[in-house]
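Some notes on the structure that comes next.
Please treat every number below as a calculation from the coordinates, not as lab data. What you see is a predicted model, and the numbers here were worked out from it, not measured in a lab. We place every Cβ from the backbone using ideal geometry, glycine too, and count neighbours over all the protein chains shown.
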Amino acid sequence: MTTVLGCIADDFTGATDLAGMLARSGVKVSLRMGVPDSPPSDTAAVEVIALKCRTAPVVDAVAETQAALAWLQAAGAQRFFWKYCSTFDSTADGNIGPVSEALMAALGTTQTIYCPAFPENGRAIFMGNLFVGRQPLAESPMQDHPLTPMRDSNLMRLLEPQVTHPVGLADRLTVAKGPDALKTELDRLAAEGIVHVIVDAVADEDLTTIAQACRDMTLMTGGSAVAAPLPALWLADGTLSPEATGTEIPTLDATAVVLSGSCSAMTRAQVADYTDRGKPAYQLDPLTLDRGGVQAALDWLAAQDLANAPLLYATAEPAAVRAAQDQLGTARAGEIVEQALAKLAVAARDQGARRFVVAGGETSGSVTQALAVTRLDVGKEIAPGVPWCFADSAGQRIAITLKSGNFGAKNFFAGALAALETA
Ligand code: ADP
């Protein structure tokens with residue numbers, strides 16, 4: 001099918017989040033891990049390309065997104081979405097602004113909007129200032145992020161140094177007046193030469209207004225929430241045909257494995273919840289893995305009945321993580337765990353597992369890579385931003401869900417497996 005909307009996401013779990021939000025409409029969404037090597041074939045109405053360019057040097061991020069754009073254009077897309085984090089994560093130089101300008105130049109378009117708001121997850125924009133819950137962005141934990149510390153809450157001030165053209169604001173007072181008023185304001189700003197427009201949104205209805213006003217823009221940019229209303233609008237006006245809907249849900253054996261490499265507070269609670277249910281579980285320790293390799297874990301897995309959905313986890317408390325990092329180095333400790341979980345995923349598949357629950361952003365990257373998954377068809381959402389997906393791995397159809405650290409509720413693992421029964 002000809003692609004109608006082409007999306008580019010600046011990181012892996014951000015792409016899953018966007019794909020899940022777009023699939024809420026019932027439209028088929030396909031998620032590609034990186035720019036595909038081969039020209040488009042068997043494309044969905046909505047295509048999302050997951051890149052890993054959030055903190056890459058600007059030239060690399062621009063080159064990668066341009067390659068993604070070219071592939072999406074070859075798939076037939078005429079509307080595009082540039083997805084970044086709902087906390088506007090970027091370094092002082094970029095990459096949000098430079099990538100937007102490069103995409104706009106390639107598309108020959110003269111105005112775009114920026115709306116990272118995600119009210120459902122507590123991200124709101126008012127008078128151009130981004131809030132995380134009740135805190136301004138720069139007073140939220142994001143001020144201490146290791147790679148992209150956010151020390152200003154004002155999106156105009158954050159974006160201006162990243163772009164060469166003027167930045168403006170369509171504020172909440174305008175958005176509250178509805179799509180026509182917002183459209184008029186965007187036109188007025190365009191006539192003044194304002195190329196980059198931050199758009200306020202504090203509630204879901206604001207996002208619907210923005211989507212209505214901007215549905216025909218060549219390029220929109222933002223978080224996943226402002227994109228979510230678009231497919232339904234396009235289904236209603238005929239831009240998307242009814243054949244664009246209805247992801248095929250394969251019938252898959254109820255053989256499952258849960259792999260967790262995230263050490264976030266929420267994942268720790270999820271591991272505890274799952275083991276409290278009496279589920280078979282095996283804890284991986286980077287120091288033991290470094291000394292003895294992964295064979296003991298493989299042997300444990302081989303002895304499991306996959307109908308019981310065993311859990312293999314490296315998830316640990318901060319003190320244990322620090323101890324492993326002190327001995328092995330942070331990168332090496334992470335790598336050992338990721339490689340072990342990747343090997344275990346392949347072993348589980350070869351042992352017959354057809355359902356995979358994976359926790360951790362980096363972990364998800366290594367597991368999908370090891371399973372040689374390059375395309376995911378996006379199914380039902382389990383939690384906001386976490387859908388079940390379907391993919392081919394070594395000639396087998398599998399279901400896989402990829403959860404970044406803090407996503408999902410306490411019962412996520414058991415809940416995800418139960419949700420697949422009704423997907
Ligand atoms: P999240 O989405 O929570 O950030 P990630 O998978 O992206 O999760 O990152 C977690 C990182 O921590 C991975 O590189 C993983 O290999 C590493 N890790 C997991 N368990 C441990 C552990 N016990 N000790 C040290 N590092 C660990």
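Based on the alpha-carbon gyration tensor of the range 118-164, what equivalent-ellipsoid semi-axes (square roots of 5 times the eigenvalues) come out, in whole Å, largest first?
Working: eigenvalues 61, 42, 14 Å².
For the range 118-164, the semi-axes come out at 18, 14, 8 Å.
Based on Cα coordinates alone, diagonalise the gyration tensor for the range 144-213, multiply each eigenvalue by 5, take square roots, and list the semi-axes in whole Å, largest first. Provide the component values of the computation, followed by the final result.
On the way: eigenvalues 117, 58, 13 Å².
Output for the range 144-213: semi-axes of 24, 17, 8 Å.
Could you give me the ³J(HN,Hα) list for the range 343-360, computed from phi with Karplus coefficients 6.51, -1.76, 1.60 and θ = phi - 60°, whole Hz, x at Gly and Pro?
With coefficients 6.51, -1.76 and 1.60, one gets 5, 5, 5, 5, 4, 5, 4, 5, 8, x, 5, 10, 10, 10, 10, 10, 10, x Hz.
If one computes the Cα centroid of the range 96-163 and of the range 398-423, what distance in Å separates the two points?
29
Compute the relative contact order of the range 5-244 as a whole-number percentage, counting only Cα pairs closer than 8 Å that sit 6 or more residues apart in sequence.
24
Residue-wise, which Karplus ³J(HN,Hα) couplings in Hz belong to the range 398-409, taking 6.51 cos²θ - 1.76 cosθ + 1.60, θ = phi - 60°, and x for glycine or proline?
Once θ is set to phi - 60°, the couplings for the range 398-409 become 10, 9, 9, 10, 10, 10, 7, x, 8, 7, x, 8 Hz.
How long is the gain from ARG332 to ASN308 if the chain were fully straight, where each residue apart is worth 0.36 nm and the alpha carbon distance is subtracted? Could the numbers behind the result be given before it?
Details: separation 24, 0.36 × 24 = 8.64 nm, distance 3.17 nm.
Gain on stretching ARG332 to ASN308: 5.5 nm.
In degrees, nearest 10, range 0 to 90: what is the angle between the Cα axis of helix 204-214 and the longest Cα principal axis of the chain?
For helix 204-214, the angle is close to 60 degrees.
How would SER140, SER260, SER41 line up from fewest to most surrounding beta-carbon atoms within 10 angstrom? Don't skip to the answer; put the middle values down first.
Numbers: SER140 20, SER260 27, SER41 7.
Fewest-to-most Cβ neighbours within 10 Å comes out as SER41, SER140, SER260.
Give me the extension gain from LYS177 to ALA269: residue separation times 0.36 nm, minus the current Cα-Cα distance, reported in nm with one decimal.
Extending this stretch completely gives an extra 28.8 nm.
In straight Cα distance, which lysines are under 22 Å from LYS410, not counting same-chain residues fewer than 8 positions off?
The reachable lysines, counting only those whose Cα sits under 22 Å from LYS410, are LYS279, LYS380.
Over the residues of the range 1-77, compute the C-alpha Rg and express it relative to 2.2 N^0.38 Å. Write down the numbers at each step before the final one.
Details: Rg = 11.8 Å, N = 77, 2.2 N^0.38 = 11.5 Å.
Normalised Rg, Cα atoms only: 1.03.
Students often check this: by mean Cβ neighbours within 10 Å, which of 99-110, 21-32 ranks highest, and how do the rest follow?
Values: 99-110: 17.7, 21-32: 23.8.
Result, highest mean Cβ count within 10 Å first: 21-32, 99-110.
Using a Förster radius of 41 Å, what is the FRET efficiency between ASP144 and THR2 based on their Cβ-Cβ separation? Nearest 0.05, please. Show your work: numbers first, answer last.
Details: r = 45 Å, r/R0 = 1.09.
Calculated transfer efficiency: 0.35.
In what sequence, highest mean first, do 330-340, 1-11 appear when ranked by Cβ atoms within 10 angstrom?
On the way: 330-340: 18.5, 1-11: 23.3.
Those peptides, ordered most packed to least, come out 1-11, 330-340.
May I ask you to order 242-248, 226-232 by the average number of other C-beta atoms within 10 Å around their residues, highest value first?
Details: 242-248: 13.9, 226-232: 23.9.
Packing proxy ranking, top to bottom: 226-232, 242-248.
What is the ratio of the Cα radius of gyration of the chain to 2.2 N^0.38 Å, where N is its residue count, to two decimals?
On the way: Rg = 21.5 Å, N = 423, 2.2 N^0.38 = 21.9 Å.
The reported ratio for this selection is 0.98.
Ignoring everything except DSSP H segments at least 4 long, calculate the 222 nm mean residue ellipticity for the chain; use -39,500 (n - 2.57) per segment, divide by total residues, nearest 500. Write out the running numbers ahead of the final one.
On the way: 16 runs with 165 residues, N = 423.
About -11500 deg cm²/dmol.
Helix 96-107 versus the longest principal axis of the chain: what angle, 0 to 90°, nearest 10, using Cα atoms?
70
Running a GNM on the chain with Cα contacts under 10 Å, which residue among ALA342, ALA68, ALA323 ends up with the highest mean-square fluctuation?
ALA323
Report the paramagnetic label zone for ASP37: residues of the range 372-396 whose backbone N is under 17 Å from a point 7 Å from Cα along the Cα-to-Cβ axis.
It comes to 372-376, 392-395, nothing else.
Once you keep just the Cα pairs under 8 angstrom separated by 6 or more residues, what percentage relative contact order results for the range 272-379?
It rounds to 28 percent for the range 272-379.
Taking a quarter of the surface of the convex hull around the Cα atoms of the range 256-421, what do you get in nm²?
Details: hull surface 34.5 nm².
Convex hull of Cα atoms, orientation-averaged projection: 8.6 nm².
Given 20 °C and 1.002 mPa s, compute D for the range 3-137 with the Stokes-Einstein relation, Rh being the Kirkwood radius over Cα pairs; round to the nearest whole µm²/s.
Numbers: Rh = 15.3 Å.
Estimated via Stokes-Einstein, D reaches 140 µm²/s.
Could you give the C-alpha radius of gyration of the range 179-294 expressed as a fraction of 2.2 N^0.38 Å, taking N as the number of residues it contains? Mind dumping the intermediate values first?
Details: Rg = 23.6 Å, N = 116, 2.2 N^0.38 = 13.4 Å.
Dividing the Cα Rg of the range 179-294 by 2.2 N^0.38 Å gives 1.76.
Determine the gain in length on full extension of the stretch THR55-THR110; use 0.36 nm per residue of separation and subtract their C-alpha separation, reporting nm with one decimal.
Numbers: separation 55, 0.36 × 55 = 19.80 nm, distance 2.58 nm.
The THR55-THR110 span can extend by a further 17.2 nm.
What are the ³J(HN,Hα) couplings of the range 248-256, residue after residue, when phi is run through the Karplus curve with 6.51, -1.76, 1.60 and θ = phi - 60°? Round to Hz, x for glycine and proline.
Per residue, the Karplus-derived 3J(HN,Hα) values read 6, 9, x, 8, 10, 4, 7, 9, 9 Hz.
Can you check what the Kirkwood hydrodynamic radius comes to for the range 5-244, Cα pairs only, in Å to one decimal?
Numbers: mean 1/r = 0.0569 Å⁻¹.
Across the range 5-244, the inverse of the average 1/r is 17.6 Å.
Could you state the per residue volume, in Å³, of the convex hull enclosing the Cα atoms of the range 69-131?
Working: hull volume 7.2 nm³, N = 63.
So the per-residue hull volume is 114 Å³.
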